[in-house]
1. Out of (1) loosely packed, with under 12 Cβ neighbours inside 10 Å; (2) among the charged types (D, E, K, R); (3) touching a helix residue (DSSP H, G or I) at 6+ places or on another chain (Cβ under 6 Å), what's the single condition that is false for Glu146?
2. Can you tell me how many residues within the stretch 11-41 are touching a residue at least 60 places away in the same chain (Cβ under 8 Å), under 18 Å from Gly118 (Cα atoms) and in contact with a strand residue (DSSP E or B) (Cβ under 7 Å, 6 or more places away or on another chain)?
3. Which residue is nearest to the chain's Cα centre (by Cα), if the candidates are limited to the stretch 90-117 and must be more than 20 Å from Lys44 (Cβ to Cβ) and of a type in the set (S, T, N, Q)?
4. Determine which member of the set Val31, Val85, Val36, Val6 is out of contact with any His (no Cβ under 8 Å at 6 or more places or on another chain), modelled with pLDDT of 95 or more, surrounded by fewer than 23 Cβ atoms within 10 Å (Cβ to Cβ) and not hydroxyl-bearing (Ser, Thr, Tyr).
5. Name the pairs: first residue in the stretch 73-84 and in contact (Cβ under 8 Å) with a residue 40 or more places away in the chain, second residue in a loop (DSSP other than H, G, I, E, B) and surrounded by fewer than 17 Cβ atoms within 10 Å (Cβ to Cβ), Cβ to Cβ under 6 Å, at least 6 apart or on different chains?
6. Is there a residue in the stretch 50-65 that is farther than 23 Å from Ile130 by Cα and either surrounded by fewer than 22 Cβ atoms within 10 Å (Cβ to Cβ) or of a type in the set (Asp, Glu) (or both)?
Amino acid sequence: MSKVAVIMGSTSDMPVMQKAIDILEGFDIEVEVDIVSAHRTPEKLFDYGKNAHTRGIKVIIAGAGGAAHLPGMIASLSPLPVIGVPVKSSNSIDGWDSVLSILQMPGGVPVATVALDGAMNAGILAAQIIGASDSCILDKILLYKEGLKTKVIKGAEDIRKS
């Protein structure tokens with residue numbers, strides 16, 4: 001079974017990152033969750049980034065607020081795809097510091113970046129990456145997308161009826 005790692009810089013990021021965990025669990029994807037601070041636990045970050053693939057991790061979702069170095073540093077160390085989630089935190093500049101820290105990566109160190117507090121989309125993107133080589137997950141993604149379409153169509157019908 002493919003696993004996705006959901007890591008964050010501190011416990012204060014958990015309310016945002018829980019959305020990625022929930023969506024992944026909804027697709028029956030095993031999730032490994034951990035706190036890996038780029039600034040407070042650099043040794044753990046190095047170990048995590050270099051060894052996640054040896055534990056069956058296929059994609060890493062990394063969320064961080066403020067300076068938000070976690071996604072980029074993990075991407076610099078890991079051969080796995082990394083999805084960065086900028087988190088609007090108490091020490092951020094309205095979230096822009098987090099967005100730019102994750103988005104503006106140098107050539108050769110890609111980090112797929114979702115919207116500010118966009119952990120749900122990070123979970124969906126991770127599932128889609130896994131679904132590219134796992135037909136069972138791909139089928140679940142197709143059903144999920146069909147459900148989105150149905151919800152919009154029903155909403156449009158409800159509005160027209162009012």
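1. Only one criterion in (1) loosely packed, with under 12 Cβ neighbours inside 10 Å; (2) among the charged types (D, E, K, R); (3) touching a helix residue (DSSP H, G or I) at 6+ places or on another chain (Cβ under 6 Å) is unmet by Glu146, namely (3).
2. Qualifying residue count for the region: 6.
3. Of everything passing the filter in the stretch 90-117, Thr113 is nearest to the chain's Cα centre (by Cα).
4. Val31
5. Here the result reads none, with nothing in the stretch 73-84 linked to a residue that is in a loop (DSSP other than H, G, I, E, B) and surrounded by fewer than 17 Cβ atoms within 10 Å (Cβ to Cβ).
6. No, every residue in the stretch 50-65 fails to be farther than 23 Å from Ile130 by Cα and either surrounded by fewer than 22 Cβ atoms within 10 Å (Cβ to Cβ) or of a type in the set (Asp, Glu) (or both).
The values are calculated or read from the model by the stated rules, or taken from the named source; none is laboratory data. Keep in mind it's a predicted model, so treat the numbers as computed, not measured. Cβ: placed from backbone, ideal geometry, glycine included. Neighbour counts: every protein chain shown.
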